[in-house]
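*Asks:* Before anything else, here's the structure in question.
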Amino acid sequence: MPCDLEVDVDGEQTFLVDKEVVSSFCGRLRNLSNKASIISSTTPLKVAIHGFPGGAEAFELMTKFCYNEGRDQITPRNSCLLYYVAHSMDMSDGVSASINNLLELTEKSLEGLPYWSWPELMNALKQCQDLLPGSVSSGMLDRVLESVVGRITSVTEASPSGSSPESSALRLSVDTRSTISTKNGCQRNWWFEDFLSLSPNMIEEVIKNMVLQKVDHVVLSRFLMHYLKSPVSSASCNKKKAAEIVIELLYSLDGGSCVSCKGLFDVLRVSAPLKLNKGCQIKLENMIGRKFDHATLDSLLIPAPAGIHCLYDVSLILRFLKSFLSTSKVTESQARLKQTARLMDSYLAEVSPDSSLKPLMFLSLATALPDEARDSHDAIYRAIDMYLEVHTQLLDEEKTKLFCAINYEKLSIESCKHLARNSKFPSRTVIRALISQQRKLRNLLQETKQSKESSPEQNRGKKKQFSNDQQMILFAKKLEISGENKRLKSQLQGMQWKVIELKKICKKMQAQMEKATKSRRVSPSGSKSLPRLCS
């Protein structure tokens, strides 16, 4: 047969074909050859095709179809490729005089998609991946995905254990490489391994289709985590692109609620060196922030990025806290707030010895949570004490700002005693703490007195006046040994003598301050008298 047409396919390979044969089946080649014959009278005519779907291999399949007058067998292995070739090269019934036009034959083959084996479906899916974005525009990808996802859901529903297609009652597949992963006897992720070789863009298409077909979001989240951490997918795709697509998809699945806090920190650890785009980074931080109360201290100890001299990335933790507090459910849950406060107290203890941590950053950590999140400020006091131990060159103004993070009324007696002897804290701070403790005890005694006066049985007895110390001791002796009263009695019995000791310290300091005040009064008139700080 004469070879009067030379076709250059993507600069990859050149084919010599019979113009009349291929033109009778392929409308695009007929148009190209006609234009070439007008421009040049040389033989053979030369045409070039750029972006040919499937490259030289697909063009060879197409020419074989033309030379065999459309009698080549269309199989599941080549249907998707030939369908797109027919679609893009205009090989429809309007071009071919023969009833065996390629587009019609591949259409018939694709009608059998629901009955293809699992390996055949995966092969079709990979062909669609190689033909992107053409497989999307031609509608072929949607048809393949519908069958792939339908097979996954039908196998899971048909078999209670969700086993692979080979072991299911359907027997729709053979020779699959799927690895069965089990958890609590449930095997719903048999398809995970087969999808690892897919590109991030194809994974995005697959997951979106699975969402439309109501596949369990928990299963989808587990696959995405598996895909991101798998060395197979890492070797076959752009890791940054994969991380960004996985994060976007996780965020679309109920805002990442299907993923554990630990899992999200795993995503952060994998993606941290990749320099994600800002929008993607914010979404990941928001997902972690919403679950921040489930984090562990080890997860929070994230090294600071390059160029930051601190040991840990404190700014990132503050952003997590901001996202956590912006969640409406948090403000309604005291338990979540208190759990987060305990976590942050541990974090403060870890970062406070960092000599590079700036005072304002440390203060932001200590005051990030509302006051009601903590029943005790002992941990904050200890963290500030440790911070001052390392940061000995702080200005008085900087120290004063740090002291504002402490609610002295929420300090224990032990912490107050330690503070009273702590040379790193100024005397006015010590006195403030002691006054707060006195006020707290006075309020407790007042509440006790009101509780007694409201009891009819107590009103029958004769009321006696006691000093504050005597009232507290008497109250501790008469408390009932049950429930909350038992706990209060234990606390008060331990506090009663400690309060007396603290009062002695306060009186001693008051005497020293008054003595200093008198010495100031006899100094030159230009000096100011020292204000009275304790009464």
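A short reminder: the numbers here are calculations on the coordinates, not readings from a lab. Since we're looking at a predicted model, the values are computed, not measured. Glycine also receives a Cβ, built like all others from the backbone with ideal geometry; neighbour counts cover every protein chain displayed.
*Asks:* Between GLU146 and LYS108, 0.36 nm times their residue separation minus their Cα-Cα distance comes to what? Could you put the intermediate results ahead of the total?
*Replies:* Working: separation 38, 0.36 × 38 = 13.68 nm, distance 1.67 nm.
Full extension from GLU146 to LYS108 adds 12.0 nm.
*Asks:* Here is a further query. So for the range 1-100: antiparallel DSSP bridges make up what percent, rounded to the nearest 5? All intermediate terms of the calculation are to be shown ahead of the outcome.
*Replies:* Working: 5 of 10 bridges.
Among the beta bridges of the range 1-100, antiparallel pairing accounts for roughly 50 percent.
*Asks:* Here's something else I'd like to know. Which order results if TYR115, TYR84 are arranged by neighbouring Cβ count within 10 Å, fewest first?
*Replies:* Numbers: TYR115 10, TYR84 24.
Ordered from fewest to most neighbouring Cβ atoms within 10 Å, TYR115, TYR84 come out as TYR115, TYR84.
*Asks:* With θ set to phi - 60°, apply the Karplus curve 6.51 cos²θ - 1.76 cosθ + 1.60 along the range 243-254 and write out the HN-Hα couplings as whole Hz, x wherever there is a Gly or Pro.
*Replies:* 3J(HN,Hα) across the range 243-254, in whole Hz: 5, 5, 5, 4, 5, 4, 5, 4, 5, 6, 8, 6.
*Asks:* Using the Karplus curve 6.51 cos²θ - 1.76 cosθ + 1.60 with θ = phi - 60°, work out ³J(HN,Hα) for each residue of the range 295-304 in order, rounded to whole Hz, and write x for Gly and Pro.
*Replies:* Values per residue, Gly and Pro as x: 6, 10, 4, 4, 5, 7, 7, 8, x, 5 Hz.
*Asks:* Are there any trypsin sites (Lys or Arg not before Pro) in the range 5-83 that are in a DSSP loop and have at most 15 other Cβ atoms within 10 Å? List them by number. Each step should come with its number before you reach the end.
*Replies:* On the way: sites: LYS19, ARG28, ARG30, LYS35, LYS46, LYS64, ARG71, ARG77; in loops: ARG71, ARG77.
Qualifying residues, ordered by number: ARG71, ARG77.
*Asks:* Over the range 291-395, consider all pairs of different Cα atoms and compute the Kirkwood hydrodynamic radius from their mean reciprocal separation; express it in Å, one decimal.
*Replies:* Numbers: mean 1/r = 0.0706 Å⁻¹.
About 14.2 Å, per the Kirkwood formula over Cα pairs.
*Asks:* Report, by chain and number, residues whose modeled amide H sits under 5 Å from the one on LYS46, excluding near sequence neighbours (fewer than 5 apart, same chain).
*Replies:* Here GLU6 satisfy the definition.
*Asks:* Please list, by residue number, every one of the GluC sites (Glu not before Pro) in the range 263-367 that is coil in DSSP and has at most 10 other beta-carbon atoms within 10 Å.
*Replies:* Values: sites: GLU285, GLU332, GLU350; in loops: GLU332.
Counting only loop positions with at most 10 other Cβ atoms within 10 Å, the GluC sites (Glu not before Pro) in the range 263-367 are GLU332.
*Asks:* Also, I was wondering about something else. How long is the gain from ALA349 to LYS278 if the chain were fully straight, where each residue apart is worth 0.36 nm and the alpha carbon distance is subtracted? Write down the numbers at each step before the final one.
*Replies:* On the way: separation 71, 0.36 × 71 = 25.56 nm, distance 3.06 nm.
Separation in residues times 0.36 nm, less the Cα-Cα distance, equals 22.5 nm.
*Asks:* Here is a follow-up. In nm, what is the difference between 0.36 nm times the number of residues separating VAL218 and ARG382 and their Cα-Cα distance?
*Replies:* 54.9 nm is the gain from fully extending VAL218 to ARG382.
*Asks:* Taking a cut-off of 24 Å, what percent of all Cα-Cα pairs in the range 192-306 are separated by more than that?
*Replies:* Tail of the P(r) past 24 Å holds 21 percent of the pairs.
*Asks:* Something else: Return the FRET efficiency for the residue pair ASN422, HIS309: r is the Cβ-Cβ distance, R0 is 22 Å, and the value is rounded to the nearest 0.05. Show your work: numbers first, answer last.
*Replies:* On the way: r = 28 Å, r/R0 = 1.29.
Computed FRET efficiency for ASN422 and HIS309 comes out at 0.20.
*Asks:* Can you give me the distance in nm between label points at SER333 and LYS504, each placed 7 Å from the Cα along the Cα-to-Cβ direction?
*Replies:* About 4.9 nm separates the two model spin labels.
*Asks:* In whole Hz, what ³J(HN,Hα) sequence does the range 201-207 give by Karplus (6.51, -1.76, 1.60; θ = phi - 60°), x for Gly and Pro?
*Replies:* Per-residue couplings from phi come out as 5, 6, 4, 4, 5, 5, 5 Hz.
*Asks:* Give the Rg/Rh ratio for the range 1-100, taking Rg as the radius of gyration of the Cα atoms and Rh as the Kirkwood radius, to two decimals. Working shown, then result.
*Replies:* Working: Rg = 12.9 Å, Rh = 13.7 Å.
Expressed as Rg/Rh, it is 0.94.
*Asks:* Also, quick follow-up: Only four residue types carry charge here, +1 at the Cβ of Lys and Arg and -1 at the Cβ of Asp and Glu. Report the dipole size of the range 291-395 about the Cα centre in Debye, rounded to the nearest 20. All intermediate terms of the calculation are to be shown ahead of the outcome.
*Replies:* Numbers: 10 positive and 13 negative charges, 77 e Å.
So the magnitude is around 380 debye.
*Asks:* Just list whichever of LYS338/LYS399; LYS229/LYS358; LYS424/LYS504 have alpha carbons separated by over 29 Å in the model shown. The partial results should precede the final answer.
*Replies:* Details: LYS338/LYS399 26 Å; LYS229/LYS358 35 Å; LYS424/LYS504 21 Å.
Checking Cα-Cα distances, LYS229/LYS358 exceed 29 Å.
*Asks:* With label points built 7 Å along Cα→Cβ from the Cα atoms of VAL21 and GLU372, find their separation and express it in nm.
*Replies:* 8.5 nm
*Asks:* Report the label-to-label distance for GLN512 and ASN238 in nanometres (one decimal), using points 7 Å from each Cα along the Cα→Cβ vector.
*Replies:* Label at GLN512, label at ASN238, 6.8 nm between them.
*Asks:* Between GLU398 and GLN438, what's the calculated FRET efficiency when r is the beta-carbon distance and R0 is 25 Å? Round to 0.05. All intermediate terms of the calculation are to be shown ahead of the outcome.
*Replies:* Numbers: r = 28 Å, r/R0 = 1.13.
Efficiency computed from Cβ-Cβ geometry: 0.30.
*Asks:* Treating the beta-carbon of each Lys and Arg as +1 and of each Asp and Glu as -1, no other charges, what is the dipole magnitude of the range 1-100 about its Cα centre, to the nearest 20 debye?
*Replies:* Numbers: 8 positive and 13 negative charges, 34 e Å.
In debye, rounded to 20, the range 1-100 gives about 160.
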